[in-house]
Amino acid sequence: MTEQQGAAPIRSVAIIGGGSAGWMSAAAISKMFGRKIDVTLVESEEIGLIGVGEATVPHLSAFNRMLEIDEAEFVRETQGSFKLGIRFDDWGRIGDSYVHGFGTIGRDLGLLPFHQYWLKARARGQAKDIGAYSLNTVAAPLGKFMAAPSDAPKGSPLADIAYAYHFDAVLYARFLRRRAEAQGVRRVEGKVVTVHRGGDRGFVDSVQLESGERIRADLFLDCTGFRALLIGDALEVGFDDWTHWLPCDRALAVPCEKMGPPTPYTRSTAREAGWQWRIPLQHRTGNGHVYSSAFTTDDRAADILLANLDGKPLADPKPIRFTTGKRRKLWDRNVIAIGLAGGFLEPLESTAIYLVQAGINRLMHLFPHADCDVALQDVYNEQSTFEYERIRDFLILHYHVTQRDDSPFWNHMRMMTVPEALQRNIDLFGADGQFFRDGSEMFGLASWVQVMLGQGLNPRTHHPAVDWVADADLHALIDHVGKVIASNVSLMPSHEQFIARCCAAPGHGAAGGRRS
């Protein structure tokens, strides 16, 4: 098709808003297209950043590799640390604790996953907690960490260590900004005051700044956060509110002094009307309290947060208000919402930056011509909706499958009706421990199994094929996996030692060189 027939290429992209969403988008587009597309990013230093996206899932490493970012440099520049998973305290019952670790559980046998054999062994008193059979969930509480060494034997748990990062999101945005500008991205300082639309299809033609300057582009990315200036205000795309399933609608965030070595996991502690996060960085610890204003007050939430810090607070708690949900379309006309402008799922499983990355990756695969064909938009929106809804259900699982009855909030969460797809997963696992991943949803078998077991959902029995395995072989499998995991964890250095040797930020340990 020729340009005269409506297939004119995109010549210019305007990214409205900075932060992680804006600069991740700018870095990715400029890396993929070079200077063949003019990329302009508009942001204002006067508009504050949300800045709570300090924990990630393992997918970010693939994004950084695509940008050819050296991992050690990235961790140093963002004052980062490593993350093997999330420790959940007091979620199933007060006093309970479990780790949702990245990576695999045990070793599968035949067509069945390891946890099916474990279920039978546990019922006979011949197995430890499920966490004893995953490298991440054993290493994390012990403060151990390492990246997979190049000489690790094939099949060894050390050969494929899944991990993510903790980092300062503001520093990450600055780090990406330097790379993006070196790749030709133009940054414009200013606030958008007017969005101009034109043509038969109502495309955004330009945005006008307070200075009077107009920024024109073929394609606009809305990275304006909760304000959603383009997708929401200008194009009036509706918003699906999921507060009835995830009623937490406020957060308080505060950094505190670093106390002791950084743990290689995020800590999430359930509170009377929400939960509190703890994210260790090299230079400080990030903290926050996510809570429901329908079940507690701002003052009470602040008191709980400040009373449960490791060290002295370094600032006053920063209030954040939000509504959990998503835009009914994340791509409308020539505007694509990236990050908070498209939707918000609370940070319980550290998915905020992942959703930014997923939106960018989806755009790269479906990158349009200037006419922004509706067929591309439909696929983008269908995939986005599926992704948001499946993550939403995984988050609801943490709240709903609980034995806590010590507050009105937890009674409400335990007794509420949940989405049908989630209820089917709960019923299926409760029957005989099965879970089926739906297509390309983000969280897979290991994640669902760890959280359902950790929250106290115990299957009534196991898959019938497990009974075909001789008892001696079953016990040998469970015992062998446990010993291999423990042996490999004993070989790992401490998290603090690994950082000091490989990627310590200036002033926070030995600088060290790159790891091999």
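Values in this text are rule-based calculations from the coordinates and carry no lab data. Predicted, not measured: the structure shown is a model, and the values here were computed from it. Positions of Cβ are backbone-derived with ideal geometry, glycine not excepted, and every protein chain shown enters the neighbour counts.
Percent relative contact order of the range 317-450, based on C-alpha pairs within less than 8 angstrom and at least six residues apart? Each step should come with its number before you reach the end.
Values: 98 pairs, mean separation 24.4, N = 134.
Reported as a whole number, the value is 18 percent.
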Name the lysines eligible as straight-distance cross-link partners of LYS329: C-alpha to C-alpha under 27 Å, and not fewer than 8 places from it in the same chain. LYS31, LYS191
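Which ordering of GLU387, GLU181 is given by a fewest-first count of other beta-carbon atoms within 10 Å?
On the way: GLU387 24, GLU181 17.
Ranked by crowding around the Cβ, least crowded first: GLU181, GLU387.
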If a paramagnetic tag sat 7 Å from the Cα of THR323 along the Cα-Cβ line, which residues of the range 392-416 would have the backbone N under 19 Å from that point? 392
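Exposure proxy check: TYR117, TYR265 ranked by fewest other beta carbons within 10 Å? Each step should come with its number before you reach the end.
Working: TYR117 28, TYR265 32.
Least crowded to most crowded, the residues run TYR117, TYR265.
Rounded to the nearest 20 Debye, what is the dipole magnitude of the chain about its Cα centre when Lys and Arg each give +1 and Asp and Glu each give -1 at the C-beta?
Taking the Cα centre of the chain as origin, the dipole is about 1020 debye.
Can you say what percent of the DSSP beta bridges in the chain, counting only those with both residues inside, are antiparallel? Round to 5. All intermediate terms of the calculation are to be shown ahead of the outcome.
Working: 51 of 71 bridges.
So the antiparallel bridges in the chain amount to around 70 percent.
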How far apart, in nanometres, would the label points at THR297 and SER206 be if each is projected 7 angstrom from Cα along the Cα-to-Cβ direction? 5.2 nm
Straight-line reach from LYS483: which lysines fall under 29 Å, measuring Cα to Cα and dropping same-chain residues less than 8 apart? LYS83, LYS120, LYS128, LYS144, LYS154
Out of SER447, VAL42, ILE105, whose Cα points farthest toward the positive end of the dipole of the chain (charges: +1 Lys, Arg; -1 Asp, Glu; placed on Cβ)? ILE105
By counting other Cβ atoms within 10 Å of each Cβ, how are ASP373, ASP151, ASP89 ranked from fewest to most? ASP151, ASP373, ASP89
For LYS318, the aspartates and glutamates lying under 18 Å Cα to Cα, once residues fewer than eight places off in the same chain are dropped, come out as GLU45, GLU46, GLU54, ASP168, ASP249, GLU257, ASP298, ASP299, ASP303, ASP310, GLU346
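Only Lys, Arg, Asp and Glu count, each charged at its Cβ (+1, +1, -1, -1), so figure out the dipole size of the range 438-483 about its Cα centre, rounded to 20 debye. Display every interim value, and only then the final one.
Details: 2 positive and 6 negative charges, 31 e Å.
Using Cβ point charges on Lys, Arg, Asp and Glu, the range 438-483 gives about 140 debye.
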Separation between Cα centres of the range 269-315 and the range 387-443, rounded to whole Å: 24 Å
The chain - percent relative contact order, Cα under 8 Å, separation 6 or more: 22 percent
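Using the Kyte-Doolittle scale, which helices in the chain average at least -0.5 and also have C-alpha atoms spread 30 Å or more along the helix axis, with helices defined as whole DSSP H runs? Don't skip to the answer; put the middle values down first.
Working: long enough: 374-400 (38 Å, -0.47).
Span-like helices here: 374-400.
Under a Cβ-Cβ cut-off of 15 Å, what is the net charge of the residues other than GLY232 that fall near it, where Lys and Arg count +1 and Asp and Glu count -1?
On the way: positive: ARG197, ARG227, LYS326, ARG327, ARG328, LYS329, ARG333; negative: ASP222, ASP233, GLU236, ASP240, ASP241, ASP332.
Within the 15 Å Cβ shell, the charges total +1.
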